[in-house]
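Below is one structure; the comments refer to it alone.
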Amino acid sequence: MKLYNLKEHQEQVSFGQAVRQGLGRNQGLFFPSELPELGDVDALLEMDFVSRSSKILSAFIGEELAADAVEQMVKNAFQFPAPVAKVKDGVYALELFHGPTLAFKDFGGRFMAQSLAAVSDGDGKITILTATSGDTGAAVAHAFHGMDNIKVVILYPKGKISPLQEKLFCTLGGNISTVAVHGTFDDCQALVKQAFDDAQLREDVGLNSANSINISRLMAQICYYFEAVAQLSKAERENLVVAVPSGNFGNLTAGLLAKSLGLPVKRFIAATNVNDTVPRYLQSGEWEPKPTIPTISNAMDVSQPNNWPRIEELCKLKGWGLGELGYGAVTDEQSAETLREMDAEGYLCEPHGAVAYRILNEQLEAGETGMFLCTAHPAKFKEVVDEILEKDIDLPGPLAKHNAMELLSLERDNDFEQLKAVLYSVQD
């Protein structure tokens, strides 16, 4: 399977190259040159999670890695479930927070770590540089912690992620370095892109990215959409609508790729908070990012989502109109109101899931089955959820452990020279 650079189509790479490079020339995203066909999707849905996921990922990777090697990578990465929970009649939650860092990013982060180990020859430096708006940092840090010959540097906006999110990945040390940047998540992403544009730096430290821009992370996320549908009855699969809480839009890209493989989803809904660049674009046709606004659904505080070009490319290749996507944006006040409504239904959620649940309920039509993605455990947003619901949520084991540990983060300005100094210093 070859992948091409969306900005420079003549640049074509193998899966291994795409995983190692992260980005193509001119900061271009890699995209599959062919969209696989899986054949009998119903038979696929009867398989167990690991076997099915191995088939899906082998279809993308092709002959570059043997099928049994891919299956072992999936076994190592997907060691936790993705259960579907009923919230009310006709509406389900896909719970993606049962991994080690209690967020959906565990699937992609751990599969990327397995992929990088499989395609690296063991020689030369590898430095993972990534930006996080909350959950990516923890998933990547835990997936790569202790791996030989791999350094990890994670940027995040100081004061703009939850304290528990911060504790979960900024307390590890070892080969994991974390940097609290005085700026927004978009500033952090811009610094990452600047680093990849510096050819000398890229070569000196062996730069790679673990954001959802890395194709291996994105491919792993396709698998849990199949797992979700497999847990529904055949009747419920007929008119399924899936709402995806969207920040950098990797999750929605993966869902649409699953649909391109034949997964029976009637339509997807892109659900954002007030950082609503995509909903406004779908409504007006004008791409007009605004300054990022901090919200209680902070992992979605993204004004310039990196993965959107992949969605446009996929829709063009499949002949899907962007107008077929549902969309909507939710304020903090509406998120809080929705969390209280869900709690009254007997389902404990957190702000990102609440955004998707609200828009799903607003747009679900008679006869349709609804599903929304719960991307993180409510305890990761304990301060916010406790205050809104007037509760005292218990901390699961991983959070309780890291909450008692000391923060090890560096603080830096939104300045590329300061980032370069950090990247060189962690090589020692």
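Tabulated data for the structure shown
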quantity: Filtered residue count, region 235-248, keeping only those that are over 16 Å from Glu324 (Cα atoms) and of a type outside the set (Asp, Glu); calculated: 6
quantity: Counted residues, region 13-64 - those being assigned to a loop (DSSP other than H, G, I, E, B) and open to solvent by 30 Å² or more (accessible area, probe 1.4 Å); calculated: 10
quantity: Top-ranked residue in region 17-37 [being out of contact with any Ser or Thr (no Cβ under 8 Å at 6 or more places or on another chain) and under 15 Å from Val119 (Cα atoms); ranked as modelled with the lowest pLDDT]; calculated: Gln21
quantity: Residue in region 82-105 that is under 20 Å from Gln21 (Cα atoms), at pLDDT below 95 and among the aliphatic types (A, V, I, L, M) present; calculated: no
quantity: All positions within region 347-365 that are in contact (Cβ under 8 Å) with a residue 60 or more places away in the chain and of a type in the set (Gly, Ala, Ser); calculated: Gly353, Ala356
quantity: Failed item, numbered, when Gly137 is tested on (1) under 21 Å from the mean Cα position of the chain (by Cα); (2) in a helix (DSSP H, G or I); (3) closer than 21 Å to Ser14 by Cα; calculated: (3)
quantity: Residues being acidic (Asp, Glu) and at pLDDT 95 or above - total across region 43-63; calculated: 2
quantity: Region 230-247, residues that are surrounded by 24 or more Cβ atoms within 10 Å (Cβ to Cβ), in contact (Cβ under 8 Å) with a residue 60 or more places away in the chain and part of a loop (DSSP other than H, G, I, E, B); calculated: Gly247
quantity: Hey, Ala69 in a helix (DSSP H, G or I) and either open to solvent by 30 Å² or more (accessible area, probe 1.4 Å) or in contact with a strand residue (DSSP E or B) (Cβ under 9 Å, 6 or more places away or on another chain) (or both) or not; calculated: yes
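Yes or no, residue by residue, for (1) closer than 20 Å to Ala243 by Cα; (2) free of Cβ contacts under 8 Å to residues at least 40 places away in the same chain; (3) open to solvent by 20 Å² or more (accessible area, probe 1.4 Å):
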site	(1), (2), (3)
Val84	yes, no, yes
Gly90	yes, no, yes
Gly108	yes, no, no
Ala113	no, yes, no
Leu116	no, no, no
Ile128	no, no, no
Asp135	yes, no, no
Met147	no, yes, yes
Ile154	no, yes, no
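The values are calculated or read from the model by the stated rules, or taken from the named source; none is laboratory data. Everything numeric in this text was worked out from a predicted model, so none of it was measured. A quick note on method: Cβ atoms are made from the backbone with ideal geometry, for glycine too, and the neighbour counts reach across all protein chains shown. Please note that ligands, DNA and RNA were not included when accessible areas were found on the heavy atoms of the full protein model with its side chains. Shrake-Rupley method; radii C 1.70, N 1.55, O 1.52, S 1.80 Å.
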